[in-house]
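Remarks on the structure that follows.
The values are calculated or read from the model by the stated rules, or taken from the named source; none is laboratory data. Quick caveat: nothing in here was measured; it's all calculated off a predicted structure. Using ideal geometry, Cβ is built from the backbone for each residue, glycine included, and neighbour counts are taken over all protein chains shown.
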Amino acid sequence: MDLQGRFITFEGGEGAGKTTQILRLQNRLKSLGHHVVVTREPGGSPGAEKIRHMLLSGDAKDLKPRGEAMLFAAARADHIDHTIEPALSRGDWVLCDRFADSTRVYQGEAGVDPAFLDLLEIAAVAGMMPDLTILVDIPASVGLARVSKRAETTAAGGPDRFEIDDLAVHERRRSMFLELALQHPYRFVVINGEQDLDATEANIWHAVVRHFSELGSKQAKSEMIGAPDHGQSA
Ligand SMILES: Nc1ncnc2c1ncn2[C@@H]1O[C@H](COP(=O)(O)OP(=O)(O)OP(=O)(O)O)[C@@H](O)[C@H]1O
Ligand SMILES: Cc1cn([C@H]2C[C@H](O)[C@@H](COP(=O)(O)O)O2)c(=O)[nH]c1=O
């Protein structure tokens, strides 16, 4: 399989700002001429979106955490087959809102054996791990406050089945994400999600350019082309 594209995942707690920042990164990449696919988990393909509905609406709430983890893995396998792998084969950039690390954290926190999660991850991702994972880190209370404000001010529905968990559960998830970042320092970058939108966007862009060195020269070229001429050309 010849995969020319670049695969970036965003991880973090509820309301950290992942979706907002993915759209901002998409705009920056597009302005440099890249094709960008924005997608999410659970979901991102017709079959996986059906599983998403089942998982988040509470239809699957009778499942124990191990069975639930298997549903997330099934959705992931379908998402990879139908969306991620084809996009990377075309040479696109794929920006994915949550991926396998969310299973490690959410289902791990719920008590699923890490060795079982290892096997599940191997089976579901089939080698398709991200080139870069951006962990948008924020205290759980701040993220949850944003989420409830979002629900009041937008058409977003009520809290999903994971958002309603106790604050202590959300804080444990935050610690687990940070622990994962420590374990995989070459894949993860941790971004402070408490800053304002523009500062967070700039920090993420800086991290992406540092990780994918080809972007640095492309950006410099586009800035030169777009730069004012000051009467220096013939
Ligand atoms: N840096 C920020 N400062 C203040 N508000 C923010 C910031 N980033 C995002 N928000 C707001 O917080 C809310 C949640 O943001 P967003 O949907 O991007 O988070 P998310 O991490 O994708 O959340 P979830 O995982 O719950 O879907 C939105 O209303 C958004 O406008
Ligand atoms: C991929 C994945 C997600 N979850 C949880 C995390 C969130 O609470 C929801 C997804 O909602 P979002 O608004 O799109 O962030 O699902 C999980 O428990 N396990 C996973 O693998």
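Side notes on the structure shown:
- Count of the range 183-214 residues which are in contact with a strand residue (DSSP E or B) (Cβ under 8 Å, 6 or more places away or on another chain) and of a type in the set (A, V, I, L, M, F, W, C): 8
- Condition check for LEU197: touching a Ser or Thr at 6+ places or on another chain (Cβ under 9 Å) and within 11 Å of ligand 1 (Cβ to nearest atom): yes
- Candidates are the residues of the range 109-155 that are farther than 16 Å from ALA16 by Cβ and polar (S, T, N, Q); the one that is modelled with the lowest pLDDT is THR154.
- Among the residues listed as ARG52, ARG90, ARG76, the single one being among the charged types (D, E, K, R), within 13 Å of ligand 2 (Cβ to nearest atom) and over 21 Å from GLY158 (Cα atoms): ARG76
- Selection of the range 22-48 for residues being of a type in the set (D, E, K, R), more than 14 Å from ALA77 (Cβ to Cβ) and within 16 Å of ligand 2 (Cβ to nearest atom) yields only ARG40.
- Note on the range 126-158: among residues that are in contact with a helix residue (DSSP H, G or I) (Cβ under 7 Å, 6 or more places away or on another chain) and within 13 Å of ligand 2 (Cβ to nearest atom), the one that is nearest to GLN4 (Cα to Cα) is THR133.
- Cβ pairs under 6 Å, 6+ apart, first in the range 147-172 and free of Cβ contacts under 8 Å to residues at least 24 places away in the same chain, second away from ligand 1 (no atom under 12 Å from the Cβ) and not β-branched (Val, Ile, Thr): none
- Residues that are touching a residue at least 60 places away in the same chain (Cβ under 8 Å), farther than 23 Å from ARG104 by Cβ and either surrounded by 19 or more Cβ atoms within 10 Å (Cβ to Cβ) or away from ligand 1 (no atom under 14 Å from the Cβ) (or both), drawn from the range 26-44: ARG28, LEU29, SER31, LEU32, GLY33
- Selection status of ALA16, modelled with pLDDT of 95 or more, crowded, with 21+ Cβ neighbours inside 10 Å and within 13 Å of ligand 1 (Cβ to nearest atom): yes
- Considering residues of the range 67-86 that are touching a strand residue (DSSP E or B) at 6+ places or on another chain (Cβ under 9 Å) and surrounded by 22 or more Cβ atoms within 10 Å (Cβ to Cβ) only, the residue nearest to GLY43 (Cα to Cα): HIS79
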